[in-house]
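Visitor: Handing you a structure now.
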Amino acid sequence: MTKEDFQDLVAPVTLAVQGRVLDSGLAADLNERFPATGLDFQAIQAACAAGIAAGWMCAREQGGIRFGRVIKDVGGYSVDVVEMADVAGPHHRHPNGEIDMIMPIDRSAQFDGHGAGWVVYGPDSAHQPTVRGGKALVLYLLPGGAIDFSPV
């Protein structure tokens, strides 16, 4: 698995979300089109595991969270992947919104109260990303790569 191969796997998702309003309707569409039990979702999850094992994904670590920007721009979105286990990450705001692909490594792991699948945060939303119940990977798409880290 190379970064280019990974970008090819993610590109259909970014194409599917281009021009869409970032809201719960988009999350529902993503969960239907790219379900956690589907081949596309599972291929991306396997690619994340391979990228982490190869050392080019989630290469940075802070506070028990492994993370990294994998793609600066594919279809107008940056692609970041984080690996978290029973931890709350740094509070941040999404100026343009955020689309999250939640991939539990431990079956009971949840990201912000959600199991495997997709969650969408609209523009100007903010949160302290939290994983409970074990370890999970979260791939997040940021329109224009925009994210603002700030204190709570």
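Visitor: Cβ-Cβ under 7 Å, sequence separation 6+ or interchain: first residue in the stretch 33-62 and under 12 Å from Met103 (Cα atoms), partner among the aromatic types (Phe, Trp, Tyr). Which pairs?
Guide: Pro35/Phe41; Phe41/Phe34; Ala47/Phe6
Visitor: Let me ask something else about it. Only one residue in Gly122, Gly133, Gly144, Gly97 is within 17 Å of Thr14 (Cβ to Cβ) and surrounded by fewer than 21 Cβ atoms within 10 Å (Cβ to Cβ). Which one?
Guide: The match here is Gly144.
Visitor: Select, from Val13, Val17, Val82, the only residue that is modelled with pLDDT of 95 or more, of a type outside the set (Lys, Arg), touching a Cys at 6+ places or on another chain (Cβ under 8 Å) and surrounded by 15 or more Cβ atoms within 10 Å (Cβ to Cβ).
Guide: The match here is Val82.
Visitor: While we're here: Looking at Asp106, Asp73, which is the one that is touching a residue at least 12 places away in the same chain (Cβ under 8 Å) and more than 26 Å from Asp148 (Cβ to Cβ)?
Guide: Asp106
The values are calculated or read from the model by the stated rules, or taken from the named source; none is laboratory data. Remember, it's a predicted structure, so these values are computed and weren't measured experimentally. FYI the Cβ positions are ideal-geometry reconstructions off the backbone, even for glycines, and counts take in every protein chain you see.
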